[in-house]
Amino acid sequence: MKELSPLQKARYQYQPKLPGMLRNGISEICVKEGAATQSVADQEKIAALFPNTYGKKEITFEKGTNTSVAKKQVVGVILSGGQAPGGHNVVSGLYDALKATNKDNVLIGFKGGPSGLIEDKYIIFDDEYIDQFRNTGGFDIIGSGRTKLETEEQFAIATEVCKKHGVTAIVIIGGDDSNTNAGILAEYFAAHNTGVQVIGCPKTIDGDLKNEDIECSFGFDTATKTYSELIGNIERDANSAKKYWHFIKVMGRSASHVALECALETQPNICLIGEEVAAKKMSLSQIANQIADSVVARSNKGMNFGVAIIPEGIVEFVPEFGKLIAEINELLAGSKADAFNALDSWADKYAFIEKGLTKESMAVFALLPESIQQQLFLERDPHGNVQVSLIESEKLFAELVGNILKDRKAKGEFNGKFGTQHHFFGYEGRCAFPSNFDADYCYSLGYNAFMLIQYGFNGYLSKVSNLSKPAEQWVAGGMPITKMMNIERRHGEDKPVIRKALVELDGAPFKYFEAHRDEWAVETCFTFPGAIQYYGPAEVCDLTTRTLALEKSK
Ligand code: FBP
């Protein structure tokens, strides 16, 4: 028999908090229409691409008589992309609202991500199955995947699968790409009069699906709290042993929201922010020298230890590194990769590289430790590109700093010690038990998604806002997906996409960090957030992220 941990049993009993306006029972939820919307940019082009779903009104729910049309709903749900804590609660909130409306309504889970819909792999949820996943982390309730639903053929197959099951609506739980595709699918379903609605839910630990409407994506809260606990523990260890500099890479793909939030929570000596590196066009050597300055300053005060947080996507933001990657992609394009791979020794390969790169890029390449140089030639993505997220940038910067310190030592500018440890925190945070915030937020997103379906909306993102306040004051509603779109160049073509949110250098979270980092770089100002608390006083258990608190304190 499957053993349950005590926390798992306790979390099954947790009743997530809904926004006040959704608490009065299904019969007392009505729609309040807001203004018609426009896309964030490229309005004419987006309007032309989405004739059926563009320009719809923003809506909020409020207390009042439910006027939605009574019809049996068969809803399909899909989890898309990387795991994020709280996904199970989106599904259970959706299920509870659907069953509370009509016990004959059906919730179908398409398995293994978007491919489950086109391969018709599914399960039908019942109470017993759902109850095993309430308030737990992970996406194992139905699994997830990264297949993109974007072609007309896929949409035609999806239409057939929906017809077969009598599906009236699909809920897609995903990041910016998955919700872009949810918007395109919604338009297709409307244009082909299928009668199937599509609703998106904003997910990703990366925190880069946010805008003036979506205050944060779910999972960011729990993942950053998990990483911050671990970073705080490492800080305490560093401050106890006083012998290591810890270089910690954190997930988050391109944007540095995760790194910044962890820095605000733990006050490390160094935190790199990719967006700042790009804005200031910093070189690898400038970044490494900045870290080395902190090492020396601390060493002069007798502290030969420290903590540096490195965002996963940092190297993409270093202009000279970006150029190097582009040249390597070109160097190995098509059959040229075979010629390279046929070479036996690293020395032969190095000579091949030296011949193929420009002088400037070769100078950057030569600066890299050999292990990183080799990583650049090992892992390719399906499009034949270097996967920058697999580059061990925590080791790269530790080594670059070490080399600078050797030089400074030779010149008599440094006489301390520099011992390093490396860590990568990513998968550790993606399936943690959702914090109370994520448990409540996700349940509300799912519950709200069903209300959008019940009221006949199509091409909307489930929206719950006012999140820095207690859940009672949260505002539930929906936002047309097209409102968040603009046109971007993807794979050589102009495409409508939801705009990705990078760290804003004039935003309150970065400004706070900037105002304090010089002190943190030299002094020991570590803070120890500890483990996520699920039971106890609200000021400990229901805290939102520092990012959200600072953004909302404007
Ligand atoms: P999503 O954008 O799909 O939410 O995934 C985010 C993420 O966790 C990134 O932080 C990370 O770079 C990536 O997934 C890892 O992907 P994989 O699970 O395929 O290794």
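Please treat every number below as a calculation from the coordinates, not as lab data. Since the structure is predicted, the reported quantities are computational estimates derived from the model, not experimental observations. As a convention, Cβ positions derive from the backbone with ideal geometry for all residues, glycine included, and neighbour counts pool all protein chains shown.
The table below gives the values:
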{"read-out": "Nearest 10 degrees, 0 to 90: helix 436-454 Cα axis against the chain principal axis", "value": "40"}
{"read-out": "Label-point separation, residue 243 to residue 153 (7 Å along Cα→Cβ), nm", "value": "6.0"}
{"read-out": "Count of lysine pairs in region 1-109 with Cα separation under 14 Å (8 or more residues apart, or interchain)", "value": "7"}
{"read-out": "Nearby aspartates and glutamates by direct alpha-carbon distance to residue 511 (threshold 16 angstrom, same-chain neighbours under 8 apart not counted)", "value": "261, 265, 275, 276, 519, 551"}
{"read-out": "Shape call, region 318-466: gyration tensor on alpha carbons, a/c limit 1.5", "value": "oblate"}
{"read-out": "Antiparallel content of DSSP bridges confined to the chain, in %, to 5", "value": "40"}
{"read-out": "Whole-Hz ³J(HN,Hα) from phi, Karplus 6.51 cos²θ - 1.76 cosθ + 1.60, for region 395-408, glycine and proline x", "value": "6, 4, 5, 4, 6, 4, 5, x, 5, 5, 5, 4, 4, 5"}
{"read-out": "Distribution of pairwise C-alpha distances over region 260-354, 10 Å bins, in %", "value": "14, 31, 26, 19, 10, 1"}
{"read-out": "Cα radius of gyration and Dmax for the chain (Å)", "value": "24.9, 80"}
{"read-out": "FRET efficiency, 1/(1 + (r/R0)^6) with R0 60 Å, evaluated for residue 211 and residue 348 via beta carbons", "value": "0.75"}
{"read-out": "Convex hull per residue volume in Å³, alpha carbons only, for region 52-128", "value": "173"}
{"read-out": "Region 466-534: C-alpha gyration tensor shape, a/c 1.5 cut-off, then a/b vs b/c", "value": "oblate"}
{"read-out": "Extension gain from residue 140 to residue 300, taking 0.36 nm per residue of separation minus the Cα-Cα distance", "value": "52.6 nm"}
{"read-out": "Theoretical gain in end-to-end length, residue 72 to residue 164 [0.36 nm per residue, Cα-Cα removed]", "value": "31.6 nm"}
{"read-out": "Cα centroid of region 316-371 to Cα centroid of region 515-554, whole Å", "value": "42"}
{"read-out": "Cα→Cβ-extended label distance, 7 Å offset, between residue 515 and residue 192, nm", "value": "5.4"}
{"read-out": "Nearest-ten-degree value, helix 284-300 long axis tilted from longest Cα axis of the chain", "value": "70"}
{"read-out": "Gain upon complete extension [residue 490, residue 335; 0.36 nm per residue less C-alpha separation]", "value": "53.4 nm"}
{"read-out": "Nearby lysines by direct alpha-carbon distance to residue 121 (threshold 21 angstrom, same-chain neighbours under 8 apart not counted)", "value": "111, 148, 163, 164"}
{"read-out": "Rounded D (µm²/s) - region 302-343, Kirkwood Rh over Cα pairs, Stokes-Einstein at 20 °C, 1.002 mPa s", "value": "162"}
{"read-out": "Computed over the chain: relative contact order in percent, which uses C-alpha pairs under 8 Å that are six or more apart", "value": "24"}
{"read-out": "Efficiency of FRET from Cβ geometry, residue 406 and residue 360, R₀ 22 Å, rounded to 0.05", "value": "0.35"}
{"read-out": "Close Lys-Lys pairs in region 385-501, where close means Cα under 30 Å and separation is 8 or more or interchain", "value": "14"}
